[in-house]
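**Q** Quick one: the structure is below, questions incoming.
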Amino acid sequence: RALRHLSGGLAFSSGSTTRREDWDGSPHPAHIFSIPGHAGWRGKLRQQQRVERRGVFKPWAAGGQRKPTPREDAVFDHFFSKPDEGQKHRPVTEEDVEVVVRVGGKTLSHGELEDLGVRMHKDMLSEMQEQLLQMEASELIEQYGFSHVGDNTVLHSPDNQGKVLESKNHVNATRVTGRPEGNNPVAPWGYGDSFRIEKVPDALRFVVEEITESPLWAVGKPRDITINRRDKSFFKLDPHLDPVGDGECIFIISLLSNTVMTLVPPGEFDRKRPGDISLKSWTDEDVDVLMRRRSMLLLSGKARTSWRHSIRTGVQVEIETDGKRDVAVCDWWGKTQNLVRRSPQMLSIILAFQKKPEMPQDYSSLFE
């Protein structure tokens, strides 16, 4: 039903970028992509994505179309000079390094990020794709959504005297998943070995197929799709590991809002009081990842198997806009001075894949 709304020829802004300083999620439209009808939208998106990927291959760049980005150069060197490396994800680039810091503000090196298993793909989606996914997710939540363990969320914020203030409790999460969870509804695409891509709605399936077919990611078959919606700017997510059965590679796409994902190392927490965690994080070794709206985060290796991912409760701050004072809910990135304003609502799409099967050493088995 959501796709039928496009038949009237709605226009969506796409191709936009979000500058590093624009952490409040304000869009900057670059052009308008008009859809006369929904019948061919998948083909149009594929054509658009295909053009954007041409820079990965240096012959296209050599043709004078445009200079390849550092990430594209790294991908070319990785996959074409070392064919066997096709079993691994693309290497870490500056685009990854610039969005990851330890609590306290210390940056991580390329090697440390490789070892951790974190990659960031900014501008994964256009505004048009975000609109389509939002409509599709709303329908799925209507049919299969259920309240998720409801993190009772209390916001903490220091006042002028350093006293920690608390807000009211909020239950903030609604979930859709193909994974059986008690007596809750189960999405039609199923889970694990029983996952069925043909049961995934069009806009969501397009994203899954783009990841599966991309040379950037060494993934096999999809095993799970989960949609989480959090409202009223309360995005809290306690540190946790997703079930082993989900697969070896987890992709998290943030829609509608910027946020900060915090990776917590194995072991006991340094801090357990909610107010301390909100302002200092769980441990001094935590790693903050800035997730801009429409970006995609890959968790693999240690970030998948031993480092827990989470979102801190957030802090309330007073801001002044057009001479009016208002209260905003923000994440902080690395240091509490680096505030990232949240939107009222966030949709997280979690896509889980098994790792890419290794090529057999004896290639004759391929012809049996």
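**Q** Please tell me which of these pairs span more than 18 angstrom C-alpha to C-alpha: LYS232/LYS324; LYS88/LYS302; LYS236/LYS272; LYS106/LYS272?
**A** LYS232/LYS324; LYS106/LYS272, as the Cα separations exceed 18 Å there.
**Q** While we're looking at this one, here's another question. Would you mind checking the radius of gyration and Dmax of the stretch 200-345 based on alpha-carbon positions, in Å?
**A** Calculated on Cα positions, Rg and Dmax stand at 16.7, 53 Å.
**Q** What span do the alpha-carbon atoms of the stretch 178-281 cover on each of the three principal axes, reported in whole Å from largest to smallest?
**A** Here the spans come out as 46, 37, 29 Å, largest first.
**Q** Roughly speaking, what is the stretch gain from LYS335 to LYS272, that is 0.36 nm per residue apart minus the C-alpha to C-alpha distance, in nm to one decimal?
**A** Answer, rounded to one decimal: 20.8 nm.
**Q** Taking the Cα centre of the stretch 218-368 as origin and charging only Cβ (+1 Lys, Arg; -1 Asp, Glu), how large is the dipole, in debye to the nearest 20?
**A** 520
**Q** Two decimals is fine: what is log10 I(q)/I(0) at q = 0.13 Å⁻¹ for the stretch 304-349, from a Debye sum with one equal scatterer on every Cα and no solvent?
**A** Here log10 of I(q) over I(0) equals -0.41.
**Q** Which distance in nm do the two modelled labels at ILE319 and LEU241 give, with both placed 7 Å along the Cα-to-Cβ direction?
**A** 3.7
**Q** Which shape class applies to the stretch 254-333: rounded if a/c is under 1.5, otherwise prolate when a/b exceeds b/c and oblate if not, where a ≥ b ≥ c are the square roots of the Cα gyration tensor eigenvalues? All intermediate terms of the calculation are to be shown ahead of the outcome.
**A** Numbers: a/c = 3.84, a/b = 1.48, b/c = 2.60.
Oblate shape, in that a/c is at least 1.5 and b/c is the bigger or equal ratio.
Only the coordinates and a few stated rules stand behind these numbers; no lab work does. Everything numeric here is computed off the predicted structure, so don't read it as measured data. Cβ: placed from backbone, ideal geometry, glycine included. Neighbour counts: every protein chain shown.
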